[in-house]
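A short reminder: the numbers here are calculations on the coordinates, not readings from a lab. Bear in mind that the values here come from a model prediction, so they are computed numbers and not experimental data. Here the Cβ positions follow ideal geometry from the backbone for every residue, glycine too, while neighbour counts run over all protein chains shown.
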Amino acid sequence: MTGIQPSTIETPSPVTFTDVDVFAANPALLPVLQQGARHLIELYDHFPRIARLVASQQKWLLTQAAYALHLQRDPADPLSGITASRLLDNVVEFGAASRNTATAFLAELLAYKLIRDVAGSTSKRSRPMEPTETSHEAMGLWFRGQMRSLDLLDGGDRVVQLAATPEIFHKAQPLAAKWLIADREWREPPVSISTFVWTEYGGLILDDFVARIINPEPVDGLYWVEDLRFAELSSHYSLSRTHVRRLFARAEALGSLGWQDRSATRNRIWATAAFIEDYKRWQSIKFCALDRAYHEALHLITTAAQAPDRR
């Protein structure tokens with residue numbers, strides 16, 4: 001069987017975050033998202049090549065799909081795991097990427113040594129691949145950071161449980177990937193968000209911008225960022241100033257953000273409450289899926305541990 005396999009349990013635990021709108025309305029959400037954005041920036045600083053590769057929505061979807069395929073690899077089946085055809089089966093179905101884009105993405109991962117051929121494979125029909133150690137480390141740290149954000153919102157112990165039972169990650173990541181790839185609202189965010197994240201490296205810039213907001217609640221309908229410099233963003237993320245400037249120009253044209261006074265020495269940028277609400281709700285879709293996947297993985301592991309040994 002190919003593709004990301006569905007769980008045998010369809011009903012999420014009642015303790016999970018399941019209502020996206022309720023999650024997005026949590027007054028503590030924005031500070032937690034800012035903390036999470038800073039964590040992603042730290043991951044960029046530690047894994048710049050990986051972070052740049054997944055800093056657009058399309059490549060994020062491809063990465064999650066590919067890693068899920070790896071976690072569901074059956075060592076006894078030489079055609080399981082990451083292959084071009086299996087990745088295409090997962091993403092083309094929902095229009096997340098074209099056949100050419102997915103194939104080119106795998107070639108890019110191979111070129112940068114973020115995936116490699118599975119050792120000892122003799123298959124002539126397919127080319128099974130697996131993540132390298134760097135990719136494993138980066139994905140594990142990303143997942144842990146997401147669990148920490150959820151813990152901050154409800155006082156949970158997901159990070160502690162994850163440290164004690166790493167298998168939670170192995171079971172939860174494929175579930176969350178399956179659900180998010182299939183979720184049109186996550187794949188295709190509002191135009192205020194997609195103007196960033198459907199652009200190369202735009203996700204990095206959006207996270208950086210949100211991390212810099214200084215007021216946790218809107219003031220007269222606006223959030224404020226001070227002293228943001230295109231030169232600084234360009235240098236930090238190894239992007240051209242033209243690319244950074246173009247991203248902000250598109251957002252400004254939509255009315256999502258703007259400058260208080262372009263001629264002033266002190267650079268102050270405002271963002272509308274509607275723009276930040278779009279960001280909060282879009283992120284809430286991801287967190288609800290991750291939380292549901294975490295609880296389902298924990299349930300599967302607990303149930304398996306409690307099952308009688310029938311040998």
Worksheet, complete the sentence: The answer for the net charge of residues other than residue 84 whose Cβ lies under 11 angstrom from its Cβ, with Lys and Arg +1 and Asp and Glu -1, is +2
Item to complete: Show the residues, 5+ positions off or on another chain, whose built amide H is closer than 5 Å to the amide H of residue 80.
Response: 74
Discussion item. Compute a Gaussian network model of the chain, connecting alpha carbons closer than 10 Å, and tell me which residue from 301, 276, 285 fluctuates the most.
Written reply: 301
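Taking R0 as 51 Å, what's the FRET efficiency between residue 161 and residue 250 from their Cβ-Cβ distance, rounded to 0.05? Don't skip to the end; give the middle numbers.
Numbers: r = 41 Å, r/R0 = 0.81.
Using R0 = 51 Å, I get an efficiency of 0.80.
Once you order the gyration tensor axes a ≥ b ≥ c over the Cα atoms, which shape class does the range 181-239 get: rounded for a/c under 1.5, otherwise prolate or oblate by comparing a/b with b/c? Display every interim value, and only then the final one.
Values: a/c = 2.84, a/b = 1.19, b/c = 2.39.
It comes out oblate by the Cα gyration axes.
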Item to complete: Would you mind checking the tilt of helix 99-111 against the longest principal axis of the Cα atoms of the chain, expressed as 0 to 90 degrees and rounded to 10?
Response: 90
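Using the Cα gyration tensor of the range 100-244, with a ≥ b ≥ c the square roots of its eigenvalues, what is the shape: rounded (a/c below 1.5), prolate (a/b larger than b/c) or oblate (neither)?
On the way: a/c = 2.07, a/b = 1.37, b/c = 1.51.
Oblate is the answer for the range 100-244, as a/c is 1.5 or above yet b/c matches or exceeds a/b.
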Discussion item. Can you compute 3J(HN,Hα) from phi for each residue in the range 289-306, using the Karplus curve 6.51 cos²θ - 1.76 cosθ + 1.60 with θ = phi - 60°, rounded to whole Hz and x for Gly and Pro?
Written reply: 5, 5, 5, 4, 5, 4, 5, 5, 4, 4, 5, 4, 5, 5, 4, 5, 5, 8
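What length, rounded to one decimal in nm, is gained on full extension from residue 42 through to residue 93, with 0.36 nm per residue of separation minus their alpha-carbon distance?
Details: separation 51, 0.36 × 51 = 18.36 nm, distance 3.34 nm.
Gain on extension, residue 42 to residue 93, equals 15.0 nm.
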Practice prompt. Return the long-range amide H neighbours of residue 268 (sequence gap of 5 or more, or a different chain), with a cut-off of under 5 Å between placed amide H atoms.
Written response: 227, 260, 261
Worksheet item: Using the Karplus equation 6.51 cos²θ - 1.76 cosθ + 1.60 (θ = phi - 60°), what ³J(HN,Hα) coupling, rounded to whole Hz, does each residue of the range 241-255 give in order, writing x for Gly and Pro?
Response: 4, 4, 5, 4, 4, 5, 4, 6, 5, 5, 5, 5, 4, 7, x
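How much net charge surrounds residue 175 when only the other residues with a Cβ under 10 Å from the Cβ of residue 175 are counted, with Lys and Arg +1 and Asp and Glu -1? Please report the intermediate quantities before stating the final value.
Working: positive: 171, 178, 292; negative: 296.
Local charge sum for residue 175: +2.
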Practice prompt. Lys and Arg at +1, Asp and Glu at -1: add these up for the other residues within a Cβ distance under 10 Å of residue 58 and post the number.
Written response: +1
Discussion item. Amide H of residue 118 versus every other amide H placed in the peptide plane: which residues, excluding those fewer than 5 positions away on the same chain, fall under 5 Å?
Written reply: 129, 130
Worksheet, complete the sentence: Candidates 92, 191, 219; GNM for the chain (alpha-carbon contacts under 10 Å) flags as most fluctuating 219
Worksheet, complete the sentence: GNM on the chain, Cα springs under 10 Å; top mean-square fluctuation among 291, 207, 261 goes to 261
Fill in: Table column - 3J(HN,Hα) (Hz), the range 57-72, Karplus curve with 6.51, -1.76, 1.60, x for Gly and Pro
4, 4, 6, 4, 4, 5, 5, 5, 5, 5, 5, 4, 4, 4, 5, 9
